[in-house]
Amino acid sequence: MYFSMFHHNSSYERNLTEGSLFKGIFLYGLPLIFSNLLQVLFNISDVAVVGRFAGSQALGSVGSTTQLLFLFTGLLMGLGGGVNVIVAYYIGAKSKKDLDDAIHSSFIVSMIIGFILLLFGFALAKPVLTLIKTKPELLDGAVIYFKIYMLGMPGVALFNFGNAVLSAAGDTKRPLYYLSFAGIINIILNLFFVIVCRLSCAGVAIASIISQYVSAVLVMIPLIRGRGLGDVKFSFSKLRLNREKTIRILKIGIPAGMQNAIFAVANTFIQVGINSFDAVMVAGTAAGANLDNIIYSAMNGFYVACATFIGQNYGAGNKKRILHSMIISNLFAFSLGAFLSITMYIFGPQCLSLFTSDPEVIHAGMLRFSIMFFSYPVASFMDNTIAANRGLGKTSVPTIIVLLGSCLFRILWIYTIFKWIGTIQSLFLLYIFSWAITALAEMIYFIKTYRKI
């Protein structure tokens, strides 16, 4: 099924500058939602397998790296977002030379950053995990898992590049097929390395990086073949850095990546707060965070749709469709977030039992989720508006807003309100307040930018 996709001759390119936005955004976003969920399942299967077959200590070790891993993968996701917007813009503007330059410059930038992150992550694993107060009994397992996972960073960079280019052309289906295939490999290898080889934390990390490289290779095949993608085609012979396009990619991609990194840094402070509780609470919140990731990643499909639709319509000069794309994407993201949050809250104990059989750990996970389940729909107003600003090529000011509204605000909350009340619920309440404040500022900036078009 997966490999037949490479030989299909029908067109995968979609024109996002005409037709029903309501239907278009929904059909475009749906495969992205499933793609994002599969990427989360990579990590969830790691946590579930070690939790069930290697014990709660291994679960805590892998869970302790979650925010730090997002610091690295979030940079690559942000860079992919920048690539997506620029490629979508040139597709909308119907400029083949600019499109070629953007695609090949993006590839080089993505690979360089992927290897830089590999080196940094590998070298700084133990010092940083120690700095964020990872429990001593969890530290060795966390360091092993993190270091091995870092070896997959070039693969993550390559997949995010390929996924960004295909999505910009309107093709969100094939990345989903490739991730499905890689995800099945990941789960099989997880079980093999942990149960048969008894490799615990190292085993799930090895399984993850193998599956990441599989998905990276698969996503490049249609780009190299170039069938059914209009002017979108990748060729090694055209690899060179175009100065103007590289600067544009970095101007959008780096701040977008930094937004993700800022969230990760702020969340690392939250992890320090979590680490001040006992090991049961650390394990419970690590398990609960996986449920958060499912909701956040699903909603993210509509944020990518928002940025891509706005990017193509901005390139084509369709001002009215820009605003409508933003409103419709937000409506979909909010509705999806509310539905998943309520469902997850109702079936929370059953979901958490995937990661642990310890009733105390399940109870700790539900304490987290009792706050988070009504917080996530609010996040749509912030994240969707950030995506809309990115679609218009604006990321510097939105990044400063995120820095103040999410990072600085959260740190202040931890050292004031959380320190004063001291409960786990008071720690997690900071999410909804920081998201609401940041959303308001991002919306004001979007309205100002939109009026100037």
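Odds and ends about this structure:
- Residue check: Phe42 meets all listed conditions (1) assigned to a helix (DSSP H, G or I); (2) at pLDDT 85 or above but one, namely (2).
- Among the residues making up region 129-142, those that are at pLDDT 85 or above and open to solvent by less than 20 Å² (accessible area, probe 1.4 Å) are Leu129, Leu138, Gly141, Ala142.
- Any hit, region 71-87, residues being open to solvent by 20 Å² or more (accessible area, probe 1.4 Å), touching a residue at least 24 places away in the same chain (Cβ under 8 Å) and of a type in the set (S, T, N, Q): yes
- Going through (1) surrounded by fewer than 24 Cβ atoms within 10 Å (Cβ to Cβ); (2) more than 21 Å from Gln57 (Cβ to Cβ) one by one, Gly170 falls short only on (1).
- Phe181 vs. criteria surrounded by fewer than 24 Cβ atoms within 10 Å (Cβ to Cβ) and at pLDDT 90 or above: yes
- Residue check: Tyr303 meets all listed conditions (1) farther than 20 Å from Gly29 by Cα; (2) under 14 Å from the mean Cα position of the chain (by Cα) but one, namely (1).
- In region 207-228, residue nearest to Phe181 (Cα to Cα) [restricted to those that are among the aliphatic types (A, V, I, L, M) and out of contact with any Phe, Trp or Tyr (no Cβ under 6 Å at 6 or more places or on another chain)]: Val214
- Given (1) open to solvent by 20 Å² or more (accessible area, probe 1.4 Å); (2) within 17 Å of the chain's Cα centre (by Cα), number of the condition Tyr314 does not satisfy: (2)
- Within region 406-418, being out of contact with any Leu (no Cβ under 6 Å at 6 or more places or on another chain) and either of a type in the set (Asp, Glu) or open to solvent by less than 10 Å² (accessible area, probe 1.4 Å) (or both) holds for one residue alone: Ser406.
Here is a yes/no grid of residues against (1) surrounded by fewer than 16 Cβ atoms within 10 Å (Cβ to Cβ); (2) under 18 Å from the mean Cα position of the chain (by Cα):
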site: Lys233; (1), (2): no, no
site: Arg243; (1), (2): yes, no
site: Ile254; (1), (2): no, yes
site: Gly257; (1), (2): no, yes
site: Asn260; (1), (2): no, yes
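- Counting only residues that are within 12 Å of Tyr90 (Cβ to Cβ) and assigned to a loop (DSSP other than H, G, I, E, B), region 230-246 holds 4 of them.
Residue by residue, here is whether (1) over 23 Å from Ile310 (Cβ atoms); (2) hydroxyl-bearing (Ser, Thr, Tyr); (3) more than 20 Å from the chain's Cα centre (by Cα) holds:
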residue: Ala125; (1), (2), (3): yes, no, yes
residue: Lys133; (1), (2), (3): yes, no, yes
residue: Pro136; (1), (2), (3): yes, no, yes
residue: Leu139; (1), (2), (3): yes, no, yes
residue: Ile144; (1), (2), (3): yes, no, yes
residue: Gly155; (1), (2), (3): yes, no, no
residue: Asn160; (1), (2), (3): no, no, no
residue: Thr172; (1), (2), (3): no, yes, no
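One line per residue, one yes/no per condition, for (1) touching a His at 6+ places or on another chain (Cβ under 8 Å); (2) of a type in the set (Ser, Thr, Tyr):
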{"residue": "Ser215", "(1), (2)": "no, yes"}
{"residue": "Pro222", "(1), (2)": "no, no"}
{"residue": "Arg227", "(1), (2)": "yes, no"}
{"residue": "Lys251", "(1), (2)": "no, no"}
{"residue": "Ala256", "(1), (2)": "no, no"}
{"residue": "Ala261", "(1), (2)": "no, no"}
{"residue": "Phe277", "(1), (2)": "no, no"}
{"residue": "Ala286", "(1), (2)": "no, no"}
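- For region 419-436, the set of residues classified as at pLDDT below 90 and open to solvent by 30 Å² or more (accessible area, probe 1.4 Å) consists of Lys419, Gly422, Thr423, Gln425, listed by residue number.
- Of the residues making up region 49-61, those that are open to solvent by 20 Å² or more (accessible area, probe 1.4 Å) and closer than 8 Å to Thr356 by Cα are Arg52, Ser56.
- Listed by position, the helices (runs of 4 or more DSSP H) enclosed by region 324-418 that each have at least 2 residues that are at pLDDT 90 or above and over 30 Å from Ser20 (Cα atoms) are 396-402, 409-413.
- Tabulated pairs, region 173-201, first at positive phi, second assigned to a helix (DSSP H, G or I) and crowded, with 17+ Cβ neighbours inside 10 Å, C-beta under 6 angstrom, 6+ apart or interchain: Ser200/Ala58
- Selection within region 199-229: residues that are in contact with a helix residue (DSSP H, G or I) (Cβ under 9 Å, 6 or more places away or on another chain) and assigned to a loop (DSSP other than H, G, I, E, B). The member of this set that is most open to solvent (accessible area, probe 1.4 Å) is Arg227.
- For region 275-296, the set of residues classified as over 27 Å from Phe339 (Cβ atoms) and buried (at least 19 other Cβ atoms within 10 Å of the Cβ) consists of Met281, Val282, Ala283, listed by residue number.
- Failed item, numbered, when Ala264 is tested on (1) out of contact with any Asp or Glu (no Cβ under 9 Å at 6 or more places or on another chain); (2) open to solvent by 40 Å² or more (accessible area, probe 1.4 Å); (3) among the small types (Gly, Ala, Ser); (4) in contact (Cβ under 8 Å) with a residue 60 or more places away in the chain: (2)
- Some residue of region 364-379 being over 20 Å from the mean Cα position of the chain (by Cα), of a type in the set (D, E, K, R) and surrounded by 15 or more Cβ atoms within 10 Å (Cβ to Cβ): yes
The values are calculated or read from the model by the stated rules, or taken from the named source; none is laboratory data. Being a predicted model, the structure only gives us computed values, none of them experimental. Positions of Cβ are backbone-derived with ideal geometry, glycine not excepted, and every protein chain shown enters the neighbour counts. Accessible surface is based on the protein model in full, side chains and every heavy atom, while ligands, DNA and RNA are left aside. Shrake-Rupley method; radii C 1.70, N 1.55, O 1.52, S 1.80 Å.
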